[in-house]
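I have placed the structure first, in the form of structure tokens, so that the comments after it can refer back to it.
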Amino acid sequence: MAREAISLNRSLDRIAALQANVEKVIRGKSEVVQFAIAALLAKGHILLEDVPGVGKTTLAHAIARSMSLSFQRIQCTSDLLPADIVGVTIYNQEAQEFEFVSGPIFTNILLADEINRATPKSQSALLEAMSEGTITLDKRHMPLPDPFCVIATQNPVEHVGTYPLPESQLDRFLMKLTIGYPNSTDERKLLRSGGAQDVLEHLQPVLDEADVRELQLQVGNIHVNESLVEYLMSIVQTTRSHAEVALGVSTRGALTFYKACQALAMVLGRDFVVPEDIKRLAEPVLSHRIIMRDRRALRGDMTPEASFIQRIVNEIPVPR
């Protein structure tokens with residue numbers, strides 16, 4: 001027990017160092033940073049959906065630079081081909097044989113910037129990689145580096161020249177996060193400092209590859225009381241049976257919801273999940289996995305799916 005406590009304390013110190021490092025760049029957005037770290041530790045992928053200029057790409061860069069992991073960026077456009085992501089087999093005349101030239105997907109952290117500007121054919125090149133951590137090319141299965149995380153960004157306002165992500169693709173993302181505008185105090189500090197670019201360029205890594213893999217393994221040791229499992233499942237099953245919902249949360253969604261709650265508990269310094277973890281994660285983990293029958297826009301920034309998830313979370317009794 002003492003050894004486990006020491007191991008947990010060491011893990012919490014490393015997570016705290018990672019969060020503090022990222023927040024040197026992304027100021028005033030502690031919850032978003034915590035959620036992003038939890039998604040990474042749960043071996044999930046992140047979809048950052050927000051208007052231009054609020055720090056989506058900067059957040060991805062800050063997370064990558066805070067760890068000694070390989071990082072690649074894909075700028076998604078309509079002429080992007082699957083081979084530009086995965087790689088291509090070419091004939092080497094000197095060696096008189098075919099050889100594979102790997103694409104940017106062979107990395108630990110892949111930033112897919114403006115993913116909805118890529119065509120469905122190019123988007124689908126990420127499906128197998130995000131689900132299984134492998135790619136198939138010329139009948140060969142090739143494993144991707146471990147850990148592997150896709151951080152994708154998209155602009156929810158612009159629709160001209162974009163290709164909405166299909167449900168199968170959205171289901172591969174553990175969380176959909178929005179950053180939002182900073183408050184006036186943080187934005188004033190940002191203006192005074194001249195922006196976050198200089199801080200980002202000098203950001204030093206605080207974790208290495210072994211640290212990340214160890215933290216990911218420890219997520220499974222976070223305790224979840226049986227009553228909380230029932231509470232989590234009540235939320236998931238309500239999305240499947242409710243009259244307002246056309247498509248409910250998948251089994252993959254339920255599994256990732258459970259694991260995300262474990263990861264968030266560890267990020268917050270606990271070795272057990274509490275109801276608040278489930279309530280806080282319900283919207284970012286589940287809202288992009290459901291389809292409402294009536295998708296008329298609501299007042300404000302909230303989507304019908306997010307509004308529905310918040311409503312059922314507030315209605316379902318929390319276990320004591």
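The values are calculated or read from the model by the stated rules, or taken from the named source; none is laboratory data. Since we're looking at a predicted model, the values are computed, not measured. Here the Cβ is made from the backbone with ideal geometry for all residues, glycine too, and neighbour counts use every protein chain on show.
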Residue under evaluation residue 53, criteria (1) at pLDDT below 90; (2) small (Gly, Ala, Ser); (3) closer than 17 Å to residue 147 by Cβ, criterion not met: (3)
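Going through 186, 198 one at a time, which residue ends up being surrounded by 13 or more Cβ atoms within 10 Å (Cβ to Cβ) and more than 18 Å from the chain's Cα centre (by Cα)? Before the answer, list the steps.
Details: 198 fails: surrounded by 13 or more Cβ atoms within 10 Å (Cβ to Cβ).
After applying the criteria, what remains is 186.
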- request: All but one of (1) assigned by TED's automatic domain parsing to the domain that holds residue 66; (2) of a type outside the set (A, V, I, L, M); (3) loosely packed, with under 13 Cβ neighbours inside 10 Å hold for residue 251, so report the exception by its number.
  value: (1)
message: What are the pairs with Cβ atoms under 8 angstrom where one residue, in the range 249-277, is among the polar types (S, T, N, Q) and the other, located anywhere, is in a helix (DSSP H, G or I) and crowded, with 16+ Cβ neighbours inside 10 Å? Sequence gap at least six, or different chains.
response: 250/289; 256/285; 262/219
- request: Kindly provide the set of residues from the range 214-224 that are surrounded by 14 or more Cβ atoms within 10 Å (Cβ to Cβ) and under 16 Å from residue 43 (Cα atoms), ordered by number.
  value: 214, 215, 216, 218, 219, 222
message: Please list, ordered by residue number, the strands (runs of 3 or more DSSP E) wholly in the range 56-169 having 3 or more residues that are in contact with a strand residue (DSSP E or B) (Cβ under 9 Å, 6 or more places away or on another chain) and hydrophobic (A, V, I, L, M, F, W, C).
response: 97-102, 109-113, 149-154
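For the range 33-55, which positions are in a helix (DSSP H, G or I) and either without any contact (Cβ under 8 Å) to a residue 60 or more places away in the chain or surrounded by fewer than 21 Cβ atoms within 10 Å (Cβ to Cβ) (or both)? First the steps, then the outcome.
The initial filter retains those residues of the range 33-55 that are in a helix (DSSP H, G or I), namely 33-41.
33, 34, listed by residue number.
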- request: Give the number of residues within the range 203-212 that are exposed (fewer than 13 other Cβ atoms within 10 Å of the Cβ) and over 13 Å from residue 63 (Cα atoms).
  value: 1
Residue 307, sole failed condition from (1) among the polar types (S, T, N, Q); (2) surrounded by 13 or more Cβ atoms within 10 Å (Cβ to Cβ); (3) within 19 Å of residue 171 (Cβ to Cβ): (3)
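Hey, does the range 240-248 have a residue that's in a helix (DSSP H, G or I), in the same structural domain as residue 281 (by TED's automatic domain parsing) and over 22 Å from residue 212 (Cβ atoms)?
First pass over the range 240-248, keeping only residues in a helix (DSSP H, G or I): 240-241.
Checking the rest, the ones that are also in the same structural domain as residue 281 (by TED's automatic domain parsing) come to 240-241.
Now narrow it down to the ones that are over 22 Å from residue 212 (Cβ atoms): 240-241.
Checked against the condition, which is being in a helix (DSSP H, G or I), in the same structural domain as residue 281 (by TED's automatic domain parsing) and over 22 Å from residue 212 (Cβ atoms), the range 240-248 yields at least one hit.
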task: Go through the range 151-174 and give me each residue that's closer than 15 Å to residue 78 by Cα and either modelled with pLDDT under 85 or touching a Cys at 6+ places or on another chain (Cβ under 6 Å) (or both).
output: 158, 159, 160, 161, 162
task: Taking residue 217 as the residue in question, decide whether it is aliphatic (A, V, I, L, M) and either farther than 17 Å from residue 110 by Cβ or without any contact (Cβ under 8 Å) to a residue 24 or more places away in the chain (or both).
output: yes
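Within the group 137, 110, which residue is closer than 17 Å to residue 46 by Cα and either surrounded by 11 or more Cβ atoms within 10 Å (Cβ to Cβ) or assigned by TED's automatic domain parsing to the domain that holds residue 50 (or both)? Write out each step before concluding.
On the way: 137 fails: closer than 17 Å to residue 46 by Cα.
So the residue among 137, 110 that is closer than 17 Å to residue 46 by Cα and either surrounded by 11 or more Cβ atoms within 10 Å (Cβ to Cβ) or assigned by TED's automatic domain parsing to the domain that holds residue 50 (or both) is 110.
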